[in-house]
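J.: Here you go, one structure.
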Amino acid sequence: MIATYRLNVNELSEKLLETIRKSFPNKEIEIIVLEQDADVYLRSSPANEIRINEAIQRIEKGEDLITVDPTKL
């Protein structure tokens, strides 16, 4: 069985370890820690990749930009 847990490092807890123990009773497991780049995650979906690239092109061309007055935030 393969399980993937995606979480922020601040969410690491004893509860997570207990969940892993219950999921793999009496088994030897391997834990690999990868730093998740938000850009890679967002681009992992083909549809998101297209939307991101289109948005970048609009920004580079200065099209459909929204101007925000910071004093009104």
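The values are calculated or read from the model by the stated rules, or taken from the named source; none is laboratory data. Please read these numbers as outputs of a predicted model, since none were measured by experiment. Don't worry about glycine lacking a Cβ; one is built from the backbone with ideal geometry, like all the others, and counts go over all protein chains shown.
J.: Here's a check for you: in the range 30-70, which residue that is β-branched (Val, Ile, Thr) and more than 28 Å from Glu11 (Cα to Cα) is surrounded by the most Cβ atoms within 10 Å (Cβ to Cβ)?
T.: Going through the qualifying residues, I end up with Ile52.
J.: What are the pairs with Cβ atoms under 7 angstrom where one residue, in the range 8-21, is on the phi < 0 side of the Ramachandran plot and at pLDDT 90 or above and the other, located anywhere, is of a type in the set (Phe, Trp, Tyr) and surrounded by 10 or more Cβ atoms within 10 Å (Cβ to Cβ)? Sequence gap at least six, or different chains.
T.: Leu16/Tyr5
J.: Those residues that are farther than 24 Å from Ala38 by Cα, assigned to a helix (DSSP H, G or I) and polar (S, T, N, Q), I need them from the range 48-72; list them, please.
T.: The answer is Thr71, and nothing else.
J.: Filter the range 33-50 for residues that are among the β-branched types (Val, Ile, Thr) and either at pLDDT below 90 or in contact with a Pro (Cβ under 6 Å, 6 or more places away or on another chain) (or both) and give the result.
T.: If the condition is that a residue be among the β-branched types (Val, Ile, Thr) and either at pLDDT below 90 or in contact with a Pro (Cβ under 6 Å, 6 or more places away or on another chain) (or both), then Val33, Val40 are the ones that fit.
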